[in-house]
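Novice: Okay, here's the structure, questions in a sec.
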Amino acid sequence: MKRNLLSVLCVVLLSLTAFAENYPYRSDVLWVTVPNHADWLYKTGEEATVEVHFYKYGIPQNGVTVNYELGGDMMPSEIKGTIVLKNGKAVISMGTMSEPGFRDCRMTATVDGKTYKHHIKVGFSPEKIRPYTQIPADFGDFWNKNKAELAKVPLIYTKELVKEYCTDQMDCYLVKLQVNERGQAIYGYLFYPKHAKEASCPVVLCPPGAGIKTIKEPLRHKYYAEHGCIRFEIEIHGLNPKMPTEDFKDISNAFNGKENGYLNNGLDNRDNYYMKRVYMACIRSIDLLVSLPEWDGRNVVVKGGSQG
C-alpha cells in the first residue's frame, strides 16, 4: 500500500515538474490574442475582431470576466465592456476606423485576487497615414541657412586620452567640442582603432537617449573600434561625463522637470528652441568626424536609440 502511494506521489510530482518547465517563469498566466486578420491589419471600414484566450498555469480559465477598453492609439478609451471566458476564450469586437490609424484594446482579468493586464493594437490602412504636422514651406531654407552659418564657425575642440577606456585594440579620447559661435560645447568619447591608417575608417556618430545623464559604460560598444570604425558617442547638454552621477541627478532634477524640461525649452520659437542647438551640435559632430585624416572619405553612420 505504501509502495503504491509513493508511486502515485512520484508520478504527480513529476507531472507538475514537467508542467512547470514547459511554462514561462515570468508569469503564471498567458494571454493569447488572435485577430480575424492574421497580420493585424485592416482596411478602413472593415471590422476587426479578436479572439481572446486566457490561461493560468497552462489551464484555460473558464468563467473569468475580462474587462476591456477600446480607443484610438494613445487616446482615451471610447468604449468599455466585458466578456466572460468560456473554455478559456471569448471574442471582442474592436470595431473599425473611418480614417487610417491604429486602435487600442486594453484588457484586465482578475483571478484568485490578482489582476493581470494585456494590451494589443490593430491597424487600419496604416500605409495611408500622413503626418499631422505639415512641413513649413521654408523648412529647407531654414536649416540650410543655419548650416551655412555653422560652417563659418571654426572647428574647435580639445582631445584628452582616457586610459581606462583604452584597450589593446583601440584608444579612447574625451572630446570637448565647441558647437556654435557663442562658445557652447558638448562632450563625447571618441574611439579610434589602434594604429588606424589614413583614409581607412568609417565614422559613426552616436547621439544619446533622452535625459540629462552621463555617458554610461562607454566600453559597451567597443566592437565598433575593434572592427575598424571610429565612433563618437556624445552627450548634448555641455556636461562633462566624468562628473559624479549625483551631480547629473541634481542638474536633471533642477532643470528637467515636467514643467520645465529641455525638450519644451523654447519650443514656441524655432530659433530659440533648445533642440535646435542639439541638432546643430550633431552636425558639428559629423564635421569633426569627417575632418579626421583616418576617415575613409565615404562612410558616415549615425546610430542611436530613443531620442538618439
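For every residue, the table says whether it meets (1) surrounded by fewer than 18 Cβ atoms within 10 Å (Cβ to Cβ); (2) free of Cβ contacts under 8 Å to residues at least 40 places away in the same chain; (3) touching a Cys at 6+ places or on another chain (Cβ under 7 Å); (4) assigned to a loop (DSSP other than H, G, I, E, B).
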site: GLU149; (1), (2), (3), (4): yes, yes, no, no
site: LEU155; (1), (2), (3), (4): yes, no, no, yes
site: GLU160; (1), (2), (3), (4): yes, yes, no, no
site: THR167; (1), (2), (3), (4): yes, no, no, yes
site: LEU174; (1), (2), (3), (4): no, no, no, no
site: LEU177; (1), (2), (3), (4): no, no, no, no
site: ASN180; (1), (2), (3), (4): yes, no, no, yes
site: ILE186; (1), (2), (3), (4): no, no, no, no
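Novice: Can you tell me how many residues within segment 193-207 are assigned to a strand (DSSP E or B), open to solvent by 10 Å² or more (accessible area, probe 1.4 Å) and closer than 16 Å to VAL300 by Cβ?
Specialist: Selection size over segment 193-207: 1.
Novice: Could you figure out which of (1) out of contact with any helix residue (DSSP H, G or I) (no Cβ under 6 Å at 6 or more places or on another chain); (2) within 30 Å of TYR274 (Cα to Cα); (3) at pLDDT 95 or above isn't true of GLU198?
Specialist: Going through (1) out of contact with any helix residue (DSSP H, G or I) (no Cβ under 6 Å at 6 or more places or on another chain); (2) within 30 Å of TYR274 (Cα to Cα); (3) at pLDDT 95 or above one by one, GLU198 breaks only (2).
Yes/no per residue for (1) within 30 Å of TYR192 (Cα to Cα); (2) open to solvent by 50 Å² or more (accessible area, probe 1.4 Å):
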{"position": "ASP247", "(1), (2)": "yes, yes"}
{"position": "ASP250", "(1), (2)": "no, yes"}
{"position": "ASN260", "(1), (2)": "no, yes"}
{"position": "ARG270", "(1), (2)": "no, yes"}
{"position": "MET275", "(1), (2)": "yes, no"}
{"position": "TYR279", "(1), (2)": "yes, yes"}
{"position": "CYS282", "(1), (2)": "yes, no"}
{"position": "SER285", "(1), (2)": "yes, no"}
{"position": "LEU289", "(1), (2)": "yes, no"}
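Novice: OK, next. Working carefully through the options ALA199, ALA254, ALA225, find the one that is over 20 Å from GLN178 (Cα atoms) and without any contact (Cβ under 8 Å) to a residue 40 or more places away in the chain.
Specialist: ALA254
Novice: Another question, then. Only one of (1) in contact with a strand residue (DSSP E or B) (Cβ under 7 Å, 6 or more places away or on another chain); (2) open to solvent by 60 Å² or more (accessible area, probe 1.4 Å) is not met by ASN240, so which one is it?
Specialist: It fails just one condition, (2).
Novice: Output the number of residues of segment 280-308 satisfying the condition of being part of a helix (DSSP H, G or I) and of a type in the set (Gly, Ala, Ser).
Specialist: Within segment 280-308, residues that are part of a helix (DSSP H, G or I) and of a type in the set (Gly, Ala, Ser) number 3.
Novice: Need the failing condition index for GLU233 against (1) closer than 16 Å to LEU190 by Cα; (2) in a loop (DSSP other than H, G, I, E, B); (3) modelled with pLDDT of 95 or more, just the number.
Specialist: (2) is the only condition that GLU233 fails.
Novice: Counting residues that are among the charged types (D, E, K, R), without any contact (Cβ under 8 Å) to a residue 24 or more places away in the chain and surrounded by 11 or more Cβ atoms within 10 Å (Cβ to Cβ), which strands (runs of 3 or more DSSP E) fully inside segment 34-143 reach at least 2?
Specialist: Working: elements: 48-56, 65-72, 79-84, 89-95, 101-111, 114-124.
Where strands (runs of 3 or more DSSP E) fall fully within segment 34-143, none carries at least 2 residues being among the charged types (D, E, K, R), without any contact (Cβ under 8 Å) to a residue 24 or more places away in the chain and surrounded by 11 or more Cβ atoms within 10 Å (Cβ to Cβ).
The values are calculated or read from the model by the stated rules, or taken from the named source; none is laboratory data. In this text the structure is predicted, and so the values were computed from the model without any measurement. Cβ atoms come from the backbone with ideal geometry, glycine included; neighbour counts cover every protein chain shown. Note: accessible area is taken over every heavy atom of the protein model, side chains too, but ligands, DNA and RNA are not part of it. Shrake-Rupley method; radii C 1.70, N 1.55, O 1.52, S 1.80 Å.
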